[in-house]
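Notes follow once the structure below has been shown.
Please treat every number below as a calculation from the coordinates, not as lab data. What you are looking at is a predicted structure, and each value in this text was computed from that prediction instead of being measured.
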Amino acid sequence: MGILDFLSGEFIDVIEWTDDTNDTLVWRFEREGNAIKYGAKLTVREGQAAVFIHEGQLADVFSPGMYMLETNNMPILTTLQSWDHGFNSPFKSEIYFVNTTRFQDLKWGTKNPIMCRDPEFGPVRLRAFGTYTIRVKDPGRFLTEIVGTDGEFTTDEISYQIRNIIVARFSNALAASGIPVLDMAANTMDLGKLIAAKVSPELAEFGLEMPAFYIENISLPPAVEEAMDKRTSMGVIGDLGRYTQFSAAEAMTEAAKNPAGGGMGEGLGMGMGMAMAGQMAQGMGAQQAPAAAPVAPPPPPPEKVWHIAENGATKGPFSRAALGRMAQDNAFSRDTMVWTPGQDGWQKAGDIDELAQLFTVMPPPPPPPAPAAD
């Protein structure tokens, strides 16, 4: 073998790319002077595509596999002009490797709040954030439209532009959805599908696609959330006056249990007691204030009537006084089942406070007769 054959064999290039990063979308195969030897081996792995650029023009896109850069397997290249050396000497071209795998967990979020009209709260400002996934679908279009001559293109260089598209489409979709704020958490999946459908056509112009889009949270301003928390707390507490008295009593109990407090604990208890007394006085004053003007007494409450269940049949209705007379005649006892409107089912008379009193006020049995006088 001659020295020229040896040198030509040594000049055969192996063109490949193994990516050890998590954010590289495009990487250009660096060759001094962009000189690639005829017969070079091009290896394209799964999850990659190789874009061949010759004299500034996109010549071909190679899918996964191994290729010999020769005339018979480069049909598109052979149609180009200016092949001065007929593939027998180094030709100057560029090869860009494009990562076609999914890039996941990319962040998006609204920089400014979105104004919406809520049917319950009126005008509200909303913020949202989440994640999305992108993938290069058309390597040639992506290279010509976005990358250009960048030798190493990462997701950071395109994520800002994608975020702007997402936020713009998200704002329109959210404002037009008409979903109440309190129901948005239950509709984030449907909203995500709607946003992905609106964003995908614009990404397709760049050679990209969005396989997944997620909304993690939609939130109100902190002041509005705080007001909603207070409103929820009021619903849980119920009667605010009783809750205030209960809290004051608890504080007094804790102060009395603290022997280390000494006079401070006693003073605190006295202070709380005075405060409660003041509140009671205000309440009594508020109740007595209308008494200054003569007003007619309210109508008496309607008298309850009761039904009795005996031997599978019902009797009545009876008034409380009638039941009292029946109790004296032993026709009505504690075990008698009774019911009155508004009561939850039949109950024993002795278990109802109003009727239990009838059995406690009955007179004792009469004394035995006195002995006859001699």
Discussion item. For Cα pairs less than 8 Å apart in space and 6+ apart in sequence, what is the mean separation divided by the residue count of the stretch 103-220, i.e. the relative contact order in percent?
Written reply: 40
Item to complete: State which entries of Lys137/Lys193; Lys230/Lys257; Lys107/Lys198; Lys107/Lys230; Lys41/Lys137 exceed 21 angstrom in Cα-Cα distance in the structure shown.
Response: Lys230/Lys257; Lys107/Lys230; Lys41/Lys137
Worksheet item: Where q = 0.11, 0.16, 0.21 Å⁻¹, what log10 of I(q)/I(0) comes from the Debye formula for the stretch 103-220, counting one point per Cα?
Response: -0.39, -0.74, -1.13
Worksheet, complete the sentence: The set of residues whose placed amide H lies less than 5 Å from the amide H of Phe62, leaving out same-chain residues fewer than 5 positions away, is Ala50, Val51, Phe52
Item to complete: Assign one of three labels to the stretch 306-358, namely rounded, prolate or oblate, based on the Cα gyration tensor with a ≥ b ≥ c the square roots of its eigenvalues; rounded applies when a/c is under 1.5, prolate when it is not and a/b is larger than b/c, and oblate otherwise.
Response: rounded
